[in-house]
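A short write-up of the structure that comes next.
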Amino acid sequence: MKNIEKILPTSSIRVLPEGIANRIAAGEVVERPASVAKELIENALDAEASHITLSVQKSGIDEILISDNGWGMDADDLPLAFRRHATSKISSAEDLLRITHLGFRGEALPSIASVARVEVISRREDRESGVRYSVSGGKPVGPEPVARERGTTVRVRTLFYNVPARRKFLRTPATEYAHIVKTFRQYALAYPEIQWTLIKDKNTVWNLQSTDLTGRISQLFGDGVLKDLHNVSSGSGVNLVEGIIGGTNLFKRSRGDQFLFINRRPIQNQSLHHAVVNGFGPLIHPGQVPFYVLFLRVDPEEFDVNVHPAKHEVRFRDEGGIYRMMLVATRDALGQSIRDGSAPINMNIKENEKQVHKTAGLQFPKPPKAHRVDGIRELELLFGRPAQDQTKIDTIYPDKPGKSHYMSQEKGDHSNVQMSPGSGFNRNNEAPLAGKHDPHDHLPLTSQKDVKHLEHQSLTSVDNKLELQRVNIWQLHQTYILSQVKSGLVIIDQHVAHERILFERALNAMQGRQWSGQQLLFPVEVKLDPAESAMMEEMTPYLARVGFDVEKFKDDYWLIRSFPSGIKLKNEEKLLREIIADYRMEHALKIAPEESVAASFACKAAIKAGDPLNTEEMNALIDELFQTQYPFVCPHGRPIVINLTLDEINKLFGRT
Amino acid sequence: MQFTVSQSDFLETFSRVSPAVPSKSTLPILSNVLLKLEGDLLQLIATDLELSVLTEIKVSGIKDGSIAVPAKKVGDIIRELEGMELDFFLDENMHMQIKAGEGEYHVPGISAQDFPSLPEFTGASNFSIEAKRLKSSITRTIFAVSKDELRPALTGVFFEIMPQELKFVTTDGHRLVRIIDQKFEYDGEPQELIVPVKALDMIQRNLPEEGDIVFSIGSNQIMLKLDNITIYSRLIEGKYPHYESVIPKDNDSHLIVSTELFTKMIRRAQIFANPISHQIVLNISSNSIEISAEDIELGGRGSEKISASFNGDDRVVGYNATYVLELMKQIDTDELRIEFGAEKKAGIVRPIEQKENEDFMMLIMPVRLN
């Protein structure tokens, strides 16, 4: 502050002394303890550490200590590291366009040192001993020799000791600690192959051993989430998105568990978050937030992180394209991937990989198999799952914003969502060609030999499972369908299963081929109240598409002349009234009328709990269920199929 | 109560009433059969309150009495005692002791007082019909009865009793069957009855090969005294729909086709139809008919063509294959005739030749094709 007083009265324009410049830069980079942690973590990552420890005292306000086992610095490097724009990571302006390191601005240490007391102890492996260097109140101390293993320890104490305004604006220790945890989790997720330790006031909070992404998620969020995780892998050209999204069971009401990375750098982007949410389509309701850990891999030339010193904002050259890719990836993961037990077929995937590897140079960790996926694939082999056509996918979830999610004609960029026509087994046979046998192995899968090998494996495993095709199937309390599968037991809720089938068929009927209507010998007369009647007029064209031939013949009297074929004849009048009532509710939510009609119809016309089903009916139901886009969640987001593995059952019985 | 009887006689009689015992009931007493002994005559009675049956058997009576015994347990044990002489004895604890050879079986009974009494039948009018004709008419109509309990009137067979003819009608809203039996005499006031399926099943089981059957019509119930069983049934209340108005009068495009070939074609096509809608498509021209089916959801399709004679303009019509096949089963002539009228209106199916003194027709509503 003294300097400013000296400068201001005499001259209007001056080059700022380095200390002041650093403090201004610090204002941008160092907002709170968590931002210190972030900068230092990035330095440790850039030093290729394999174990990073973050230790905080009083939520980092008193002390933040980062220790790593990376390259380390020597006595010559250390003083330089505290100089502004001193960086080992880029050397020319051209490099700025191709940033692959996390830190590059050379601002971190000097900025932090300008607002806190910083001490660094470091040792390069090729030096005989470590060195200590510290800066306190702008004054350097050292470097002096000290004993240390390879790596670097940075201790940041009394943050903002010289900026009382900043210090005053820090939140409660609990809030600041929450920010630290958030930062720690972001990087721990982005780098699961690295061992991470978080220590709070001398107590170890986490000591996360090196693992893969799924392992890391379970370390951080508990094993419970594993059941509802779905692998994401999608992309075209040089852009790719991979990672994991949580299913409907992991929806939350508040933000916090959404992790998005670009080339492994944590970013925030409202638009891309929206893409993921939209990918859930009707499964997600307003106010619900999905869980996801997604990694975008984009050519560094395609985006700019140098928007803000803290680097969490990103600009894309083609934001629309990235948006679509994220949306499609989410849909795929929820729809096709789950059912296939693998990533969607992507004929271009190998080409993508090469380019991504070349440009990004990142090694993406191999997540292990999410265990529920196997059961589901098996389920499909058991019950069979014949062909689907591309049009169906497009009509159900086209991209066009603004209009309904379901109704748009626009195909969007779906080159990456190819589904093979043919029987269920053909699909599986084709799979390995696209690296589909094991979705998690597709990155390293490059040689033709590997492909052949996998193809062979896949074929034999399909053959083995085929023998299980004829299994028993039971109805439980006229509500659930039970069946044995190799991995254990599946339980299907008959009502929501049928609701899902009808919902998708109804949506298809809205767009494409109309649902045929069984004509009635005795047209049913229904007297509606004026409000219902008005609703009915609005619904008539959509009802017609699902096979209802309804006609107003006087005042509020209506005639039902036909009924959707294949629906067990129940009380048509009651059904129609229920659909109107349901439609009114849906309508209040401002959902497009065709969707509302489809949803109301599906919900009300579906078989109910308590309806007895024979084996043939149960089999038909399951066949149809696995024809749908989302066989595992009903239109309201409830689960349709539960897979209890033998392990889980064994656990219940205390068998281990 | 005590009597002896041969196993075969008892089992035969018992099996006649036991089908009336409801498999599930909120009233536990209804799962019993009432036994009533007077001298050498043993009466067996079962009821579900809608349908009641009574039958009798000669036994060697020792002591009169009555008791209700669980139908399933008694039936099961009797069935296992093949060829033996059975001793029935009711002890003071209301246990029915059944002795057969060295075996002794105790079945707990329930006081006869707790068993619902047979409906008081105040007979009003009667009609009679030849057993053979009745059987045939019930068989050909009962399949089209509705299972929709929300429309009880459609869940039974409609009997329309007129001086010169008796009509049997059933419908489930998609199909309708009507048989007019013209070999019929009745001199009372015209009557309309809706007879529940369960009663008709029971009648069918017990109809003799030959002879006439007398229906007694009471207030809201009927009674039939057959050779070895008396059947009482409540009638279904409610108004039967005005079915005559939906039978088209101007279906003048006639298709004549071999019953057997037509049936087989539909059976084959059905394999390729959607398993839920069973939709098949008939493509009819003046000298042939093509039947096809396609399952959009699950994939696969099939089609087949045979010669047929048709006097109308070419047309395409869709049906639920299951419905059509059920109609085919009722036709015993080599050829059949389908009469088409306006689109969306019912098609009329008839045998190529009617039986003597009979008019038999079936209606089937098409599926509106997309």
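How many residues does segment B:344-361 hold that are away from every other protein chain (no Cβ under 14 Å) and among the basic types (Lys, Arg)?
Matching residues across segment B:344-361 total 2.
For the condition in contact (Cβ under 8 Å) with a residue 60 or more places away in the chain, closer than 21 Å to B:VAL169 by Cβ and open to solvent by 60 Å² or more (accessible area, probe 1.4 Å), what is the one hit in B:LYS355, B:LYS345?
On the way: B:LYS355 fails: in contact (Cβ under 8 Å) with a residue 60 or more places away in the chain.
Residue meeting the stated conditions: B:LYS345.
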| task | State whether one or more residues within segment B:94-106 are part of a strand (DSSP E or B), touching a residue at least 60 places away in the same chain (Cβ under 8 Å) and among the acidic types (Asp, Glu). | result | no
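If you go through segment A:258-277, how many residues are of a type outside the set (A, V, I, L, M, F, W, C) and surrounded by fewer than 19 Cβ atoms within 10 Å (Cβ to Cβ)?
Of the residues in that region, 5 qualify.
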In segment A:141-168, anything assigned to a loop (DSSP other than H, G, I, E, B) and either modelled with pLDDT under 80 or loosely packed, with under 14 Cβ neighbours inside 10 Å (or both) is listed as A:ALA147, A:GLU149, A:TYR161, A:ASN162, A:VAL163
Take A:ARG132 and tell me if it is closer than 16 Å to A:ALA75 by Cβ and touching a Leu at 6+ places or on another chain (Cβ under 9 Å). yes
Exercise. If we scan segment A:601-622, do we find a residue that is open to solvent by 10 Å² or more (accessible area, probe 1.4 Å) and more than 20 Å from A:THR479 (Cα to Cα)?
Worked result: no
Exactly one of B:LEU255, B:LEU224 is under 30 Å from B:GLU339 (Cα atoms), away from chain A (no Cβ under 14 Å), in contact with a Ser or Thr (Cβ under 8 Å, 6 or more places away or on another chain) and open to solvent by less than 10 Å² (accessible area, probe 1.4 Å), and that residue is B:LEU255
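What strands (runs of 3 or more DSSP E) completely inside segment A:473-588 contain at least 2 residues that are open to solvent by 30 Å² or more (accessible area, probe 1.4 Å) and in contact (Cβ under 8 Å) with a residue 60 or more places away in the chain?
Correct list: A:488-493.
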Within segment B:258-277, residues being within 13 Å of another protein chain (Cβ to nearest Cβ), of a type outside the set (S, T, N, Q) and crowded, with 22+ Cβ neighbours inside 10 Å number 2
Open to solvent by less than 20 Å² (accessible area, probe 1.4 Å), within 20 Å of B:GLY65 (Cβ to Cβ) and not in a loop (DSSP other than H, G, I, E, B), is that true of B:LEU30? no
When you check B:ASP172 against the structure, is it charged (D, E, K, R) and away from chain A (no Cβ under 14 Å), yes or no? no
Within segment B:76-88, the residues that are crowded, with 18+ Cβ neighbours inside 10 Å and not aliphatic (A, V, I, L, M) are B:PHE88
If we keep only residues of segment B:33-59 that are out of contact with any strand residue (DSSP E or B) (no Cβ under 7 Å at 6 or more places or on another chain) and of a type in the set (Asp, Glu), then the residue least open to solvent (accessible area, probe 1.4 Å) is B:ASP48
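The values are calculated or read from the model by the stated rules, or taken from the named source; none is laboratory data. Just so you know, these numbers come straight off a predicted model, no measurement behind them. Note that we place each Cβ from the backbone using ideal geometry, even for glycine, and neighbour counts take in every protein chain shown. To get the accessible areas, we keep the full protein, side chains included, count just its heavy atoms, and leave off ligands, DNA and RNA. Shrake-Rupley method; radii C 1.70, N 1.55, O 1.52, S 1.80 Å.
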